[in-house]
Structures are given as C-alpha cells and as structure tokens.
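Take a look at the structure below.
The values are calculated or read from the model by the stated rules, or taken from the named source; none is laboratory data. What you are looking at is a predicted structure, and each value in this text was computed from that prediction instead of being measured. Cβ atoms come from the backbone with ideal geometry, glycine included; neighbour counts cover every protein chain shown.
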Amino acid sequence: MTKTIFITGASKGFGRIWTEAFLQRGDKVAATARNTDTLKDLAAQYPDTLLTIQLDVNDRAASFAAVEKAAKHFGKLDVVINNAGYGLFGTIEETSEKEARDQIETNVFGLLWVTQAALPIMRAQGSGHILQVSSVLGVATLPVLGLYNASKWAVEGISETLASEVKDFGIKVTIVEPNGFSTDWGGASALHSEPISAYDDVKQQFYAGFTEDSIGKPEATSDAILQVVDQENPPLRIFLGKVGLPWLSQVYAERLATWEEWKEVSEAAHGHVTA
C-alpha cells in the first residue's frame, strides 16, 4: 500500500537514502532540507511523487507550514520521520554556550516542532506513524559527545512519553537508534568545539574505540526502515546496526547491578511509612 512520507534532513545521509528507497517503491515523499538544490535530481526523476520543501527545523512556524503543505499536497500524512540533526564533538568543558544551545535547538526543538505540527493531522486521520531518529547514544553515552548525547536522551524522553499519549488516537511512535555509520554526521556535517589540551588523552581513547567493523554502511539501513513503516504494530525502539544490542545489554546489566548494590540506601531514602 502506497504511503505518504514526510522526512526532514533529506539532503544527505540517512535522509537522502531513505527518501530514495521510499520513492523507488512508489511511495509519495515530502522531503525537507535547508538546501533543496541537493534534491533536484530526485525531483526530476520523481516529479509526481516527490515534493521538496525548504526548511530549517529550528523555525517553528516554518515547520508547521511545511507539514501542512505536505498534507495538503498529498491529501494525507502516513509517516513523519524526524531525521534532521547533527553531531557536536567536544568535551563538556570545551563546549561553548552557543554550541550547546544550537545543538539542543536543532536536535530537540526541531524534532519537537515537526512532531507537534503532525499530531493534529494524524489525530484527525485516526492514524499515523512518527519515527524519531535518536541514537544508541540516547540510551548510553560516550565521552566527547556530551551535548549530542544529551540531545538524544531528550529525544528518547519526548518520544517515549509521546507514544503513551497518542496510542489511543491510532498514532504509533518508533525511536530509531543507529550506532555509528559512515555518513557525513561525523565528517562534513559535524561541528567541533575549541579544544583544551588537557582532554587530548580522552579524545585519543575515544577515537581509538572506532574500528572499521563497528561503523555501519548507511545504504544497508533502508530495508529496516521500510519494514518498520510497513508494520501494523511497529516497535517503540529499534537499533540500526549490530553494535547497539550487545553494548546496551552490558550497560544495562551494569546499571541494574549498581542499583541492586545500593538498594538498601535507596529504600531508606523513601522515609518511614506508617500503616
């Protein structure tokens, strides 16, 4: 069954790859980007099923206008994919106020505005599916990506809450949690804070942790995304790549062990409860 997709950050990386995958199978796509010139080739190839919209997701009014335009153009809105975002590399101490605010503005508020814009349309339809692109770093953290980690933890909190709020409206939510992939996210699209030499060893260890085998191929993610949007009962969360599950299984085991170790202290902090 043909679907109508609204996707942000469609100019490159996952957004571009998934946009092409949807178009190739016959779906209708409203693809947004700050610079829609990067989508001209697809627009020429799919003139009837691709609508390109210039959008900076930081602009709340523009986000609402873009979602409304897509819904009016195609007559419905089946799937919204909040993919726009970028990585900020820098330790907590190195991160400037502007860098921190800009990171949260795009990765969190940009996603929030598009989500809010889509919800009234999906409620009126009685159906819809929102995919929020988070990260394995929205579940556990790595050094040197503190503000990025924080932005994705916020995405996780917003999206899990949203899922519980809209399920009775026929709206589904899936949080997509990729591990590292060879997109522009860690390259041309990334920003880097002014370095402080005291953290050189931390950064060296951080970068040494990445191997060729741990970095996924972005083109391989399309089938997973297509399967998720086609499911009648899609998952609330799904990892992309083979790194997430074994890593997070270890992380959660360690968390549970720590909570158990401190159980008596925790319970005592509850205070005395009388019958």
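Name the residues in segment 206-248 that are farther than 26 Å from F6 by Cα, in contact (Cβ under 8 Å) with a residue 24 or more places away in the chain, of a type outside the set (S, T, Y) and not in a loop (DSSP other than H, G, I, E, B), would you?
Within segment 206-248, F206, G244, W247, L248 qualify.
Collect the residues in segment 26-49 that are loosely packed, with under 12 Cβ neighbours inside 10 Å and touching a residue at least 24 places away in the same chain (Cβ under 8 Å), keeping them in residue-number order.
Across segment 26-49, the qualifying residues are G26, N35.
Just one of A84, A100 is over 28 Å from E232 (Cβ atoms), among the hydrophobic types (A, V, I, L, M, F, W, C), touching a residue at least 12 places away in the same chain (Cβ under 8 Å) and surrounded by 18 or more Cβ atoms within 10 Å (Cβ to Cβ); which is it? Let's see the steps before the verdict.
Values: A84 fails: over 28 Å from E232 (Cβ atoms).
Within the list A84, A100, the selection yields A100.
Looking only at residues in segment 181-199 that are under 18 Å from the mean Cα position of the chain (by Cα) and over 20 Å from E212 (Cβ atoms), which one is modelled with the lowest pLDDT? Talk me through it step by step, then tell me what you get.
Going residue by residue through segment 181-199, those that are under 18 Å from the mean Cα position of the chain (by Cα) are 181-187, 189-191.
In the following step, the residues that additionally are over 20 Å from E212 (Cβ atoms) were identified as 189, 191.
Details: S189: 75, L191: 95.
My answer is S189.
Let's see how each residue does on (1) more than 15 Å from the chain's Cα centre (by Cα); (2) of a type in the set (D, E, K, R); (3) farther than 16 Å from G15 by Cα; (4) at pLDDT below 95:
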{"position": "S63", "(1), (2), (3), (4)": "yes, no, yes, no"}
{"position": "D78", "(1), (2), (3), (4)": "yes, yes, yes, no"}
{"position": "I81", "(1), (2), (3), (4)": "no, no, no, no"}
{"position": "E99", "(1), (2), (3), (4)": "yes, yes, yes, no"}
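Give L226, L191, L236, L240 a once-over and let me know the one that is of a type in the set (A, V, I, L, M) and over 22 Å from K12 (Cα atoms). Please lay out each step first, then the result.
Numbers: L226 fails: over 22 Å from K12 (Cα atoms); L191 fails: over 22 Å from K12 (Cα atoms); L240 fails: over 22 Å from K12 (Cα atoms).
Unique residue meeting the criteria: L236.
Suppose we filter S151, S127 for residues that are at pLDDT 95 or above and buried (at least 22 other Cβ atoms within 10 Å of the Cβ); which single one remains? Reasoning before the result, please.
Values: S127 fails: buried (at least 22 other Cβ atoms within 10 Å of the Cβ).
So the residue among S151, S127 that is at pLDDT 95 or above and buried (at least 22 other Cβ atoms within 10 Å of the Cβ) is S151.
Might you check whether a residue that is surrounded by 13 or more Cβ atoms within 10 Å (Cβ to Cβ) and of a type in the set (D, E) occurs anywhere in segment 183-190? Reasoning before the result, please.
Going residue by residue through segment 183-190, those that are surrounded by 13 or more Cβ atoms within 10 Å (Cβ to Cβ) are 183-186, 189-190.
With the extra rule that they be of a type in the set (D, E), the set shrinks to 184.
Yes, segment 183-190 has at least one match.
Suppose we keep only residues that are of a type in the set (G, A, S) and touching a Ser or Thr at 6+ places or on another chain (Cβ under 7 Å) within segment 17-60. Which one would you say is farthest from T4 (Cα to Cα)? Talk me through it step by step, then tell me what you get.
Of all residues in segment 17-60, those of a type in the set (G, A, S) come to 21, 26, 30-31, 33, 43-44.
Then keep just the ones that are touching a Ser or Thr at 6+ places or on another chain (Cβ under 7 Å); that gives 21, 26, 31, 33, 43.
On the way: A21: 13, G26: 10, A31: 11, A33: 17, A43: 16 Å.
Checked segment 17-60; the qualifying residue farthest from T4 (Cα to Cα) is A33.
What's the total number of residues in segment 1-15 that are closer than 20 Å to I121 by Cβ, surrounded by fewer than 21 Cβ atoms within 10 Å (Cβ to Cβ) and in contact (Cβ under 8 Å) with a residue 24 or more places away in the chain?
Adding up the residues that qualify gives 2.
Within segment 162-180, can one find any residue that is assigned to a loop (DSSP other than H, G, I, E, B), exposed (fewer than 14 other Cβ atoms within 10 Å of the Cβ) and at pLDDT below 95? Talk me through it step by step, then tell me what you get.
Filtering segment 162-180 for residues assigned to a loop (DSSP other than H, G, I, E, B) gives 170, 179-180.
Still in the running and exposed (fewer than 14 other Cβ atoms within 10 Å of the Cβ): 170.
Those left that are additionally at pLDDT below 95: none.
So far as segment 162-180 goes, no, none of its residues is assigned to a loop (DSSP other than H, G, I, E, B), exposed (fewer than 14 other Cβ atoms within 10 Å of the Cβ) and at pLDDT below 95.
For every residue, the table says whether it meets (1) aromatic (F, W, Y); (2) farther than 30 Å from A198 by Cβ; (3) touching a strand residue (DSSP E or B) at 6+ places or on another chain (Cβ under 7 Å); (4) at pLDDT below 95.
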position	(1), (2), (3), (4)
W18	yes, yes, yes, no
R25	no, yes, no, no
A30	no, yes, yes, no
L39	no, yes, yes, no
A43	no, yes, yes, no
T52	no, yes, yes, no
V57	no, yes, no, no
T106	no, no, no, no
F109	yes, yes, no, no
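For segment 16-24, check the following and say yes or no: at least one residue is within 30 Å of P143 (Cβ to Cβ), among the charged types (D, E, K, R) and crowded, with 19+ Cβ neighbours inside 10 Å. Don't jump to the end; show me each part of the working.
Going through segment 16-24, the residues within 30 Å of P143 (Cβ to Cβ) turn out to be 16-18.
After this cut, where a residue has to be among the charged types (D, E, K, R) as well, the list is 16.
Next, from what is left, pick out any that are crowded, with 19+ Cβ neighbours inside 10 Å: 16.
Yes - at least one qualifying residue is present in segment 16-24.
May I ask you to say which residue of I121, I158 is closer than 16 Å to V108 by Cβ and not in a loop (DSSP other than H, G, I, E, B)? Break it down into steps so the answer makes sense when it comes.
Details: I121 fails: closer than 16 Å to V108 by Cβ.
Only one candidate passes the filter, namely I158.
Report whether or not V228 is surrounded by 16 or more Cβ atoms within 10 Å (Cβ to Cβ), at pLDDT 95 or above and either within 25 Å of V79 (Cα to Cα) or in contact with a His (Cβ under 9 Å, 6 or more places away or on another chain) (or both). Spell out the reasoning first.
Values: surrounded by 16 or more Cβ atoms within 10 Å (Cβ to Cβ): yes; at pLDDT 95 or above: yes; either within 25 Å of V79 (Cα to Cα) or in contact with a His (Cβ under 9 Å, 6 or more places away or on another chain) (or both): yes.
Yes.
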